[in-house]
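Since the structure comes first, as structure tokens, the remarks are kept for the end.
Where a number appears in this text, it was derived from the coordinates with a stated rule and is not lab data. Keep in mind that this is a model prediction, so the values were computed, not measured. Reconstructed Cβ throughout: ideal geometry from the backbone, glycine too, with neighbour counts over all protein chains shown.
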Amino acid sequence: MAGLVEIIIPVYNEGENIVRTLEEIEGSISHPHSITVVYDFEQDNTLPPLRRFMESGRADIRMLKNSYGRGALNAIRTGFESAQREWCLVCMGDLSDDMTAVAAMLAKADEGCDVVCGSRYMRGGRQIGGPIFKSLLSRIAGVTLHFIAGVPTHDATNSFKLYRRSLFDRIRIESDGGFEIGMEILIKAHLLGCKIGEVPATWRDRSGGESKFKLFKWLPHYLHWYFLAFRGRFQRAPARMRAGSHGMNAAA
């Protein structure tokens, strides 16, 4: 049985959604878990409802201030570096991710996977809402990476992934944009020969608040890791990605 799971939620003004997100997590995930909510600044409107929920004692939750500066990338990285459990699950605070898929993700972890992807584009997965152009690019990236570059998931760009915590001792995180951090870790894990699995998941566009996804700003960062996967198809994993002193805390 997979070990304890730490659910990492990066937030930025998710006051409309955070309580419903936490309720969905607690209602859907029976596996032992804790929740780490990473925020950027004290005035974030996520914090008052989050504190009230924490006072109810309905879940094992801690609040953690982003230690690298504002932004989703820095929040996720802060969560990874402070993680105390065997597994890290990244999900958003806007109700977009499919908590009912977590049991199947953990079953894949029990099969020896180091990364398990919630996949919108495999059989049984789907996407509801969201910008059409963004969805098209994401689907094309997933299909080409899977069928041509050999990455063992149909959905490389989805942030909803489960990671074995020890993987971060083997990978140096270099992302400096945003949510492409999940794609970077996936591609590097694949090139290192780690076992990767996927399960079908449903993604739903947010019903409240504003999206923090910046497509055109972050697209070049996604493309960097996209092309690395194709180069790695025909080359050995670059030395900078191998085990040793190049863990998550190493300088880029």
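With 22 Å as the cut-off, how large is the P(r) tail for segment 12-81, expressed as percent of Cα-Cα pairs? Provide the component values of the computation, followed by the final result.
Values: 461 of 2415 pairs.
The calculated P(r) of segment 12-81 puts 19 percent of pairs beyond 22 Å.
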Given Cβ point charges of +1 (Lys, Arg) and -1 (Asp, Glu) and nothing else, what value in debye, to the nearest 20, does the dipole of the chain about its Cα centre take? 880 debye
List, largest first, the extents of the alpha carbons of segment 93-215 along their principal axes, each in whole Å. 37, 31, 29
Net charge of neighbours whose Cβ lies under 14 Å from the Cβ of H31, counting Lys and Arg as +1 and Asp and Glu as -1: -3
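Where a ≥ b ≥ c are the square roots of the eigenvalues of the C-alpha gyration tensor, would you call segment 1-52 rounded, which needs a/c under 1.5, or, failing that, prolate if a/b is larger than b/c, or oblate?
prolate
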May I ask you to derive the FRET efficiency for E23 and I148 from their Cβ-Cβ distance with R0 = 41 Å, giving the value to the nearest 0.05? 0.50
Pairs of Cα atoms under 8 Å, at least six residues apart: use those to get the relative contact order of the chain, whole percent. 23 percent
Mean ellipticity per residue at 222 nm, deg cm²/dmol - from DSSP H runs of n ≥ 4 across the chain, formula -39500 (n - 2.57): -11000 deg cm²/dmol
Which of G125, G112, G27 moves most in a GNM of the chain, Cα contacts under 10 Å? G27
Out of all DSSP beta bridges with both ends in the chain, state the antiparallel percent to the nearest 5. 25 percent
Rank C117, C91, C194 by mean-square fluctuation in a GNM of the chain with C-alpha springs under 10 angstrom and give only the top-ranked residue. C194
Based on other C-beta atoms within 10 Å, arrange E23, E55 from fewest to most. E55, E23
Counting only pairs 8 or more residues apart or on different chains, how many lysine pairs in segment 5-235 have their Cα atoms under 17 Å apart? 7
Taking the radius of gyration and the Kirkwood hydrodynamic radius from Cα positions alone, what is the Rg/Rh ratio for segment 5-235, to two decimal places? 0.93
Choice from A101, A72, A59 showing the highest fluctuation, given a GNM over the chain with Cα pairs closer than 10 Å: A59
Just for the Cα atoms in segment 57-119, what are the lengths along the principal axes, largest first, rounded to whole Å? 36, 25, 24
Starting from the amide H of T202, placed 1.01 Å from N in the peptide plane, find each other amide H under 5 Å away whose residue is 5 or more places distant or on another chain. D98, R126
Choose one of M105, G177, I35: the residue whose Cα lies farthest towards the positive end of the charge dipole of the chain (beta-carbon charges +1 Lys, Arg; -1 Asp, Glu; about the Cα centre). G177
Order these by the 10 Å Cβ neighbour count, fewest first: K161, K108, K217. K217, K108, K161
